[in-house]
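Notes follow the structure.
The values are calculated or read from the model by the stated rules, or taken from the named source; none is laboratory data. Note that the coordinates shown come from a computational prediction; the quantities given were computed from them, not determined experimentally. Every residue, glycine as well, gets a Cβ built from its backbone with ideal geometry; the counts of neighbours run over all protein chains shown. For the accessible areas, the whole protein counts, side chains as well, though only heavy atoms, and no ligand, DNA or RNA atoms are used. Shrake-Rupley method; radii C 1.70, N 1.55, O 1.52, S 1.80 Å.
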Amino acid sequence: MELSSEPVVVALEMSQIESKDDEPFDGVGDYESLPPHVSVTTHMTAGAVAGILEHTVMYPVDSVKTRMQSLQPDPNAQYRGVYEALKRIIHTEGVFRPLRGLNITMMGAGPAHALYFACYERVKRSLSDIIQNGGNSHLANGVAGSVATVLHDAIMNPAEVIKQRMQMYNSPYRGLMDCIRTVTRTEGVGAFYRSYSTQLTMNIPFQAVHFITYELMQEQLNPHRHYHPGSHIVSGAAAGAISAAITTPLDVCKTLLNTQENVALSSVNISGHLSGMVNAFRTVYRLGGLSAFFKGVQARIIYQMPSTAIAWSVYEFFKYFMTKQQLESEAGPRRM
């Protein structure tokens with residue numbers, strides 16, 4: 001997500017804008033000339049909007065993915081595919097059932113993605129200055145994505161726990177507050193971070209692959225780093241699909257830790273609550289062998305492809321739009 005393929009000095013850019021017969025910033029062609037030091041507020045606002053849209057637009061598919069990752073599903077919750085699952089859930093449980101848990105996801109996604117993108121841009125720029133003298137560094141992209149993930153998951157992990165428990169078939173919770181109170185009372189506050197280590201173990205490689213793939217695709221499709229919605233959508237979709245497929249086994253383990261699937265745990269004589277990544281891996285293997293690690297992979301890819309495409313295209317648009325407005329407002333007084 002480089003705003004410029006070369007280092008640019010803000011003062012020079014302002015003089016360039018003024019020199020074009022006093023014409024205002026005119027859009028796509030000028031995107032590559034935007035100043036590289038965009039404000040943190042711009043990145044956080046663009047990231048928050050992108051994160052909320054990413055999680056809400058494809059949320060019903062995410063609900064299906066959670067159910068399809070169940071290791072011992074109820075006979076009424078065994079699905080052959082994403083479309084068939086959505087149709088059955090709506091028909092048997094109501095039209096709004098696939099949206100259960102969306103409220104907590106939206107509450108978490110805004111601040112989580114605001115920190116996520118702001119941290120990514122700052123770390124990427126700092127490391128690129130050191131490694132490539134301001135150029136695009138794949139190592140910097142991967143490291144920046146990993147660091148940003150630690151902040152993102154610290155906020156999103158509790159939301160993920162609540163969301164996935166509410167998404168499960170026959171979920172016992174009446175609503176958001178009932179889920180929070182019940183989990184806190186019966187399992188303690190630590191339950192909201194029981195899967196944090198697994199989440200990081202999954203998301204750090206996921207985001208490293210995600211950002212590296214996105215930047216690689218941008219180098220091929222959009223080498224001059226113009227604002228180009230089509231390239232952002234295609235690059236985002238490819239990055240989401242590849243990273244989702246690679247990290248599905250870790251996502252299955254995370255789902256088990258989040259949901260504490262009672263039937264599955266009882267079938268292997270596990271009493272109490274399952275904790276720890278190693279125990280989760282061992283339990284998944286005991287319950288279904290190697291194939292169990294790829295339960296829901298189709299739904300995960302179907303969810304991630306459009307989600308990451310939406311996130312990147314919205315993020316790039318808002319970053320472009322807000323910076324354009326900032327440049328025009330700064331250029332205005334100088335013409336007077």
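A compact table of results
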| item | result |
| --- | --- |
| Rg to Rh quotient for the chain, alpha carbon positions, Kirkwood Rh | 1.04 |
| Nearest-ten-degree value, helix 196-221 long axis tilted from longest Cα axis of the chain | 40 degrees |
| Accessible-area composition of the chain, carbon plus sulfur, in percent [1.4 Å probe] | 62 percent |
| Whole-number percent relative contact order across the chain, with pairs defined as alpha carbons under 8 Å at least 6 apart | 27 percent |
| Most mobile of Asp129, Asp251, Asp62 in a GNM of the chain (Cα contacts under 10 Å) | Asp129 |
| Cα-centre dipole for the chain with unit charges at Cβ (Lys and Arg positive, Asp and Glu negative), debye to 20 | 1860 debye |
| Rounded if a/c under 1.5, otherwise prolate or oblate - the stretch 215-333, Cα gyration tensor axes | prolate |
| Computed label-point distance, nm, for sites Val268 and Tyr83 using a 7 Å Cα→Cβ extension | 3.4 nm |
| Cβ-based net charge around Asn76, under 10 Å, with every Lys or Arg adding one and every Asp or Glu removing one | -1 |
| Listed pairs Lys87/Lys163; Lys163/Lys295; Lys124/Lys163; Lys65/Lys319; Lys124/Lys324; Lys65/Lys124 exceeding 25 Å between Cα atoms | Lys124/Lys163; Lys65/Lys319; Lys65/Lys124 |
| Distance from the stretch 260-290 to the stretch 119-182 (C-alpha centre basis), Å | 25 Å |
| Acute angle (nearest 10 degrees) that the helix 229-259 long axis makes with the longest principal axis of the chain, alpha-carbon atoms | 30 degrees |
| Helix-derived mean residue ellipticity, 222 nm - over the chain, DSSP H n ≥ 4, -39500 (n - 2.57), to 500 | -24000 deg cm²/dmol |
| Heavy-atom accessible area per residue - the stretch 168-237, 1.4 Å, Å² | 46 Å² |
